[in-house]
Amino acid sequence: MKYSSQMVAKPYFIFALILLAGEILFGLTMSIQYIYGDFLFPAIPFNALRMVHVNLLIVLLLFGFMGSTYYLIPEEAERELWSPLLAKITFWVFVVAGVLTILGYLLVPYAELTKITMNDLWPTMGREFLEQPTITKIGIVIVVLSYLLNVTMTVIKGRKTTISIILLTGLFGLAFFFLFAFYFSDNMIMDKFFWWFVVHLWVEATWELILGALLAFVLIKLTGVDREHIDKWLYLIIAMTLIAGLAGTGHHFFYMGAPGYWLWIGSIASAAEPIPFFLMILFAYSMIKNRRIQDDNKIALTWAKGTAVVGFLGAGVWGFMHTLAPVDYYTHGTQLTAAHGHLSFFGAYVMIVFTMISYAMPILRGRPHGNCEKAQKVELVSFWLMVIGMIGLTVALTVAGVMQIEMQRIPDSAHAMAFMDVQSKMTAVYIVRSLFGLMTFTGLLVYFYSFFVKEDKVAA
């Protein structure tokens, strides 16, 4: 560890992994409710489970990004973090706010929660992915602003690199577009229009800049490739991300009352959205092919390659599968959408957090050359359990989506089956989905176990 202030990243990484465990557990519980509708009802209804499942995903990624940034920026800037104390305070403020919000979802009916948090003074609640009480949203803004101040001051006072500038651009974009979460309109079309400014422009624009910067940092450290070579790839990836990602927002405006030209803009731009993810595959493998060093931390490199490949499959292939307007007409809101969401979030964002943790955590624990070979073998098992589990889960959801389309969307109204009748015919597929979800959770437990594996001592 080159700079002592990098140690503030450690609690962020640990808490991100704890949140991931909770997120998967709530997802597994939801998958059981798809099979047995009364499971844990009325103690934890499906809508509460879904809110917690989705919100935990968002928060764990933010913790992962913050920890990654606090580790990366001192090395890129070649100086200590501007204020390690502020980073520690920010951590605890975010933890307390997040935990209280999740408890509110689980212990208080949502309608009652809106009254307790005085949502009527500034209505922002009730929208998918943005269910957080207004007071929590304000807390998120305060946390993010303090985080941006800390990181920006460190960069200003130190060395500026392409990686740090792209990372900062992504972080400022993340902060700016979250402000649309405070926009409220009585007009549903306007509300949805600006709602996508948060949801899409986080996931398919600004977060991709963060992903590119983190992937580049790890590849530099593990391959020793010249920065000039890395920078050329980054510029290309980021240009394609912004061009395709910004215009690609239009594929969410299909069939919601927006002007018809979005059918063309959204479809054409969406066709280009897999390109930056495919470039990330070429980028990662090009760096590995041209590497100048052989780093002992092989598992971190495995996560980096996995991020590029699985991210392309989830965000690129499964995303493109149903974002053309004539196709989306039939697929929108089916389990095919869920299939894309699960694999893209895991491949692009959860796996880049794993990449950073697998690279940085051994160093933070006093192991500058990575974990021992035995621990890395255990972690490799966890890698494959999680990757196979998520791909299997995605395929199961894809099959379920196709069944929905065939029985419910394609037939005319006289022959289309009712929603619940279709769901009952997909029980076997949902069981398969749950089993693959259990495999993913097992993989995470194996990952936790790898932290405690030590090399066997050789007898003298």
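How charged is the neighbourhood of Pro274? Take every other residue with its Cβ under 15 Å from the Cβ of Pro274, and add Lys/Arg as +1 and Asp/Glu as -1. If you can, show how the numbers build up before the last one.
Values: positive: none; negative: Glu204, Glu208, Glu273.
Cβ neighbours under 15 Å give a net charge of -3.
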Helix axis angle, 427-450 relative to the chain longest principal axis, alpha carbon, degrees: 20
Förster-model FRET efficiency, 30 Å R0, Ile288 and Lys160, C-beta, rounded to 0.05: 0.65
Approximate spin-label separation Ile35-Ile243, in nm, with each point projected 7 Å along Cα-to-Cβ: 4.7
Simple label model, 7 Å out from Cα along Cβ direction - Phe176 to Thr152, nm: 1.2
Over the chain, relative contact order from alpha-carbon pairs under 8 Å, at least 6 apart, %: 14
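Tell me, what is the percent relative contact order of the range 180-275, built from C-alpha pairs under 8 Å that lie six or more residues apart?
Numbers: 83 pairs, mean separation 24.6, N = 96.
About 26 percent, as a whole number.
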Those lysines that a straight Cα-Cα span of less than 30 Å connects to Lys10, excepting residues fewer than 8 apart in one chain: Lys2, Lys88, Lys137, Lys157, Lys160, Lys221, Lys298, Lys305, Lys374, Lys377, Lys454, Lys457
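Of all the stretches in the chain, which is the longest one without any exposed loop site, taking GluC sites (Glu not before Pro) in a DSSP loop (any state but H, G, I, E, B) with at most 13 other Cβ atoms within 10 Å? Could you put the intermediate results ahead of the total?
Working: sites that count: Glu78, Glu128, Glu455.
For GluC sites (Glu not before Pro) (loop position, at most 13 other Cβ atoms within 10 Å), the longest site-free span of the chain is 129-454.
Per 0.36 nm of contour for each residue apart, how much would the distance between Ile142 and Leu435 grow if the chain were fully extended, relative to their Cα-Cα spacing? Could you put the intermediate results ahead of the total?
Details: separation 293, 0.36 × 293 = 105.48 nm, distance 4.00 nm.
Extra length available between Ile142 and Leu435 comes to 101.5 nm.
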Potential lengthening between Arg367 and Ser413 on full extension [0.36 nm per residue; Cα-Cα distance subtracted]: 10.2 nm
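At 0.36 nm per residue, minus the direct Cα-Cα distance, what do Asn47 and Leu121 gain on full extension? Give it in nm, one decimal, please. Each step should come with its number before you reach the end.
On the way: separation 74, 0.36 × 74 = 26.64 nm, distance 2.42 nm.
Between Asn47 and Leu121, full extension yields 24.2 nm more.
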Loop-located trypsin sites (Lys or Arg not before Pro) in the range 244-337, at most 12 other Cβ atoms within 10 Å (DSSP): Arg292
Protection-proxy order for peptides 346-352, 308-314, each taking the mean of Cβ atoms within 10 Å per residue, highest first: 346-352, 308-314
Distance in nm between pseudo-label sites at Tyr183 and Met420 (7 Å out along the Cβ direction from Cα): 3.8
Cβ charges +1 (Lys, Arg) and -1 (Asp, Glu), total dipole of the chain, debye: 1280
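What does the helix-only formula give at 222 nm for the chain: each DSSP H stretch with n ≥ 4 adding -39500 (n - 2.57), the total divided by the residues, and the result rounded to the nearest 500 deg cm²/dmol?
Values: 18 runs with 319 residues, N = 460.
Roughly -23500 deg cm²/dmol at 222 nm, from the helical runs in the chain.
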Partners for Lys289 among aspartates and glutamates (Cα-Cα distance below 19 Å; same-chain residues under 8 apart left out): Asp226, Glu228, Asp231
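Which whole-number percent gives the relative contact order of the range 294-371, counting Cα pairs below 8 Å spaced six or more residues apart? Write down the numbers at each step before the final one.
Details: 84 pairs, mean separation 36.0, N = 78.
It comes to 46 percent, rounded to a whole number.
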Listed peptides 14-22, 116-124, 101-109 by packing density, highest first (mean Cβ within 10 Å): 14-22, 101-109, 116-124
Helix 227-247 vs. the chain, principal-axis angle (Cα, 0 to 90°, nearest 10): 10
Between 0 and 90°, nearest 10: helix 335-344 axis offset from the chain longest Cα axis: 10
Zone residues, the range 1-26, relative to Glu78, backbone N less than 14 Å from point 7 Å out along Cα-to-Cβ: none
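Quick note: the coordinates plus some simple rules give every number you see, no bench work behind them. What you see is a predicted model; the values in this text were computed from it and never measured. Neighbour counts are summed over all protein chains in view; Cβ atoms, including those assigned to glycine, are modelled from backbone coordinates with ideal geometry.
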